[in-house]
There are 2 protein chains.
Amino acid sequence: MPRYEGGGDRLVLKLDSGYNVGIELGWIKGVEKLPDIERPAAAAAAAPAPAGGLPKVLLLSTGGTIASRIDYRTGAVTPALGPEEIYQSVPELAKIAEITPRVIFSEHSENLQPDHWKKIAEELHAASGEGFGGVIVAHGTDTMQYTASYLSFALSGFPAPVALVGSQRSPDRPSSDAAQNLAAAASFLTQVDSGIYVVMHLDGNDGASACHLGTRVRKNHTSKRGAFQTVGGSPAYTIRDGRLEAGPGDRLAPGEYRPRIAVDPRASLVKYHPGYDPAVLDSILDAGARGIIFEGTGLGHVGRQMYEAVGRAAEKGVFMGMTSQCIDGRVSMTVYESGRDLLGLGITPLGDMLSETALVKLMWALGIKDDIKGVRNIMLDRIAGEFSPGVF
Amino acid sequence: MPRYEGGGDRLVLKLDSGYNVGIELGWIKGVEKLPDIERPAAAAAAAPAPAGGLPKVLLLSTGGTIASRIDYRTGAVTPALGPEEIYQSVPELAKIAEITPRVIFSEHSENLQPDHWKKIAEELHAASGEGFGGVIVAHGTDTMQYTASYLSFALSGFPAPVALVGSQRSPDRPSSDAAQNLAAAASFLTQVDSGIYVVMHLDGNDGASACHLGTRVRKNHTSKRGAFQTVGGSPAYTIRDGRLEAGPGDRLAPGEYRPRIAVDPRASLVKYHPGYDPAVLDSILDAGARGIIFEGTGLGHVGRQMYEAVGRAAEKGVFMGMTSQCIDGRVSMTVYESGRDLLGLGITPLGDMLSETALVKLMWALGIKDDIKGVRNIMLDRIAGEFSPGVF
């Protein structure tokens, strides 16, 4: 019998209730295979199968809790499952789509770097000619929003829908959200044409998953299953028992596929706070930063003590964009004298773009443009729904 | 007639509707003072007056939109009003309390620094023996939560209730929230015994203001009047038409007054993101930081590339605390191997403390303790409701 745990003197079995029970090996008198039983109908109803069979869906695995199991020795969760195992752990997937599993790497997402984003984009691009009706990207939740933003920019107009899926609780826990989110993502992919979305539990209850635009989503709770939210709006879609419901939130109209897979990580996010030492900004510039996203206060401010360092950054030709640590709402730098001062120093207000999305977009823009004017033009061009229409 | 605008050839009058109208000076044939008219009853009902007159409330002004007016030449909002003018602009205050106005300084709050927090605390401490039933601190909204946290720690057990009050729209705008928030704060102060709170609109509607615990509040929208929210809970109180309603949220039991007014700003907030350059953390350490608050991903993580720099910080005796950029929920560093690694490197998990509150608390702790152990003990001691009971 397969056992996750190498050592130990116990066999861990999952009960029908979802809970696990450990049995001392010495107590086991025999192991017998029972005849196959009919599994109850999967919660996720099968999508209508096209002529010739189920839709083809690619499942790319990058790691994260969704591909993890608990190490019962240490109690920690480690990434371990390959996509085949993910697939096998959610048998209802087979009723929704014909899944092709593929591993890219196996990392918790806090360890992912811009080069990992690029690697995922390259895998997606390579698969774009293989006739898949959609792609699931299994991904850790910690930095899922950063990766979703990157893919939204680098693969704008990707010819098939992409769903980043994670779980807040590992698949071997009774409260795991992995199965529902995977099934919802597969159903979703068979019912839409394009766009890069994050598919996670709608709230703390089982039953509904939400599909968030990749550039407008944020992990807003450390542990709840419904942690992911579309900021400043509603999810683009919800999926209940396999049925797609269009939400009131933003969706992207299909556009021409324009892959631009590049990244330059020489950009920093500067969250301003009282007592911020401007010498830190100078250090960031000395280390070779080509761009800064400020996460300012309120409508987009930093304190007066920063002005000289901001001026030095402008002289160096560093792109500086302004977002707000309020998270919701848009920056507006003409209301107060501080905002006007900062506009005068060359900071570009970024509307209601999330600071994390703005940072990713900047790293991407720096990867495809050498000049600050080109970078600025890209930052103000609405590519993947990253800011509200008419915000500038 | 008083005119805000020095130059210009127009007189700006406020109409009953709340809107302004500009009249060319040349068109004015005469100015006549009409007999005083009876003002309609104020929205905020007077609190029950104690024998001997209305409760005495101190109004300290620090600047901000609540003390601002629009510059009709540039369209920008600049801090200008003294506390007498604030007071006069909200005549209903006189029915609720006997207000003593006092100016500390006049700054938009994005320009406030830890020394300003100290100055406000010193003014409050000095006034603690003057017999006021409560204190209103008029303050800009941008960094109000930072100041509220500081006062909560430095003046723990302050013998009278304190309400920080701001406005999202300047007092000369029809949609201003200044009058309601000031009146609500005054009513609030006459009905509670102690505690440091932020009093702002409950939501986008007029009528109700919310009282948030100073250490649990966050400005979560750039411009809405109901921008302030108690994170992970409900407001401690709401005020509707002058009536206090206890909410389900945390309140503080009255305690012994223990003023400890000190601050050491040599602490930084490090918001982690993919591609974070560990050299930046090294620069922060080289610049003399004595403490770092990480705003990590998810349950409290930073990427593996940070580990060496984190280790160097630990060797230098720098305090390092972990919070989450998810904002809601608590960090938990024993679930994943990344968290365990970081615990091993000496990072202290800070439960569900907000990152901004944690930074302020750290600057305060560094001001009163020289040794890292003493700082750590303070960080884990629940002083002003800054984390949930039993979180450690």
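Which residue is most open to solvent (accessible area, probe 1.4 Å), if the candidates are limited to the stretch A:26-41 and must be modelled with pLDDT under 80 and of a type in the set (Asp, Glu)?
The selected residue is A:Glu38.
Can you pull out the residues in the stretch A:366-388 that are open to solvent by 50 Å² or more (accessible area, probe 1.4 Å) and either in contact (Cβ under 8 Å) with a residue 24 or more places away in the chain or touching a Cys at 6+ places or on another chain (Cβ under 6 Å) (or both)?
Within the stretch A:366-388, A:Ile368, A:Ile372, A:Arg376, A:Leu380 qualify.
For the stretch A:292-321, name all the residues that are within 11 Å of chain B (Cβ to nearest Cβ) and in a strand (DSSP E or B).
Result: A:Ile293, A:Glu295, A:Gly296, A:Thr297, A:His301.
From the set of residues in the stretch B:237-258 that are basic (Lys, Arg) and in a strand (DSSP E or B), which is farthest from the chain's Cα centre (by Cα)?
B:Arg243
Name every residue in the stretch A:280-291 that is at negative phi and more than 7 Å from chain B (Cβ to nearest Cβ), in order of residue number.
Within the stretch A:280-291, A:Leu281, A:Asp282, A:Leu285, A:Asp286, A:Ala289, A:Arg290, A:Gly291 qualify.
Would you check which residues across the stretch B:230-245 are of a type outside the set (S, T, N, Q) and either within 28 Å of A:His301 (Cβ to Cβ) or touching a residue at least 24 places away in the same chain (Cβ under 8 Å) (or both) and list them?
Residues satisfying the conditions are B:Val231, B:Gly232, B:Gly233, B:Pro235, B:Ala236, B:Tyr237, B:Ile239, B:Arg240, B:Asp241, B:Gly242, B:Arg243, B:Leu244.
Can you pull out the residues in the stretch B:267-279 that are surrounded by fewer than 20 Cβ atoms within 10 Å (Cβ to Cβ) and facing chain A (nearest Cβ under 8 Å)?
Once the filter is applied, which keeps residues that are surrounded by fewer than 20 Cβ atoms within 10 Å (Cβ to Cβ) and facing chain A (nearest Cβ under 8 Å), the stretch B:267-279 yields only B:Ala279.
Would you check if A:Ser209 is surrounded by 24 or more Cβ atoms within 10 Å (Cβ to Cβ), small (Gly, Ala, Ser) and assigned to a loop (DSSP other than H, G, I, E, B)?
Criteria not met by A:Ser209.
Report yes if B:Pro171 is more than 19 Å from B:Val217 (Cβ to Cβ) and touching a Ser or Thr at 6+ places or on another chain (Cβ under 7 Å), otherwise no.
yes
In this structure, does A:Ala127 turn out to be in contact with a strand residue (DSSP E or B) (Cβ under 7 Å, 6 or more places away or on another chain), open to solvent by less than 10 Å² (accessible area, probe 1.4 Å) and within 14 Å of chain B (Cβ to nearest Cβ)?
Criteria not met by A:Ala127.
Restricting to the stretch A:315-325, what's the tally of residues that are closer than 17 Å to A:Arg290 by Cβ and either in contact (Cβ under 8 Å) with a residue 40 or more places away in the chain or surrounded by fewer than 16 Cβ atoms within 10 Å (Cβ to Cβ) (or both)?
Qualifying residue count, the stretch A:315-325: 6.
What number of residues in the stretch A:195-206 are open to solvent by 20 Å² or more (accessible area, probe 1.4 Å) and either modelled with pLDDT of 95 or more or within 13 Å of the chain's Cα centre (by Cα) (or both)?
Residues meeting the conditions: 1.
Return the only residue of A:Asp172, A:Asp142 being over 29 Å from A:Leu269 (Cβ atoms), open to solvent by 10 Å² or more (accessible area, probe 1.4 Å) and not in a helix (DSSP H, G or I).
From the options A:Asp172, A:Asp142, the qualifying one is A:Asp172.
In the stretch B:111-139, which residue that is assigned to a helix (DSSP H, G or I) and of a type in the set (Gly, Ala, Ser) is nearest to B:Leu164 (Cα to Cα)?
Among those residues, the one meeting the criterion is B:Ala121.
Here are some conditions: (1) open to solvent by 40 Å² or more (accessible area, probe 1.4 Å); (2) part of a helix (DSSP H, G or I). B:Leu342 meets all but one. Which one does it not meet?
(1)
Mind checking which residues of the stretch A:94-110 are in a helix (DSSP H, G or I) and closer than 18 Å to A:Ser170 by Cβ?
A:Ser109, A:Glu110
Output the residue which, of all residues in the stretch A:326-339 that are in a loop (DSSP other than H, G, I, E, B) and crowded, with 24+ Cβ neighbours inside 10 Å, is nearest to the other protein chains (Cβ to nearest Cβ).
It comes out as A:Cys326.
Kindly indicate the residue of the stretch A:342-372 that is closer than 26 Å to B:Thr143 by Cα and touching a Lys or Arg at 6+ places or on another chain (Cβ under 8 Å) and also farthest from the other protein chains (Cβ to nearest Cβ) among those meeting that condition.
The residue in question is A:Thr348.
Would you pick out the residues in the stretch A:213-229 that are open to solvent by less than 20 Å² (accessible area, probe 1.4 Å) and under 22 Å from B:Gly296 (Cα atoms)?
A:Gly214, A:Thr215, A:Val217, A:Arg218, A:Lys219, A:Thr222, A:Gly226, A:Ala227, A:Phe228
Which of (1) touching a helix residue (DSSP H, G or I) at 6+ places or on another chain (Cβ under 8 Å); (2) modelled with pLDDT under 95 does A:Gly249 not meet, given it meets every other one?
Of the numbered conditions (1) touching a helix residue (DSSP H, G or I) at 6+ places or on another chain (Cβ under 8 Å); (2) modelled with pLDDT under 95, the odd one out for A:Gly249 is (1).
The values are calculated or read from the model by the stated rules, or taken from the named source; none is laboratory data. Since the structure is predicted, the reported quantities are computational estimates derived from the model, not experimental observations. FYI the Cβ positions are ideal-geometry reconstructions off the backbone, even for glycines, and counts take in every protein chain you see. Only protein heavy atoms, including side chains, enter the accessible area calculation; ligands, DNA and RNA are left aside. Shrake-Rupley method; radii C 1.70, N 1.55, O 1.52, S 1.80 Å.
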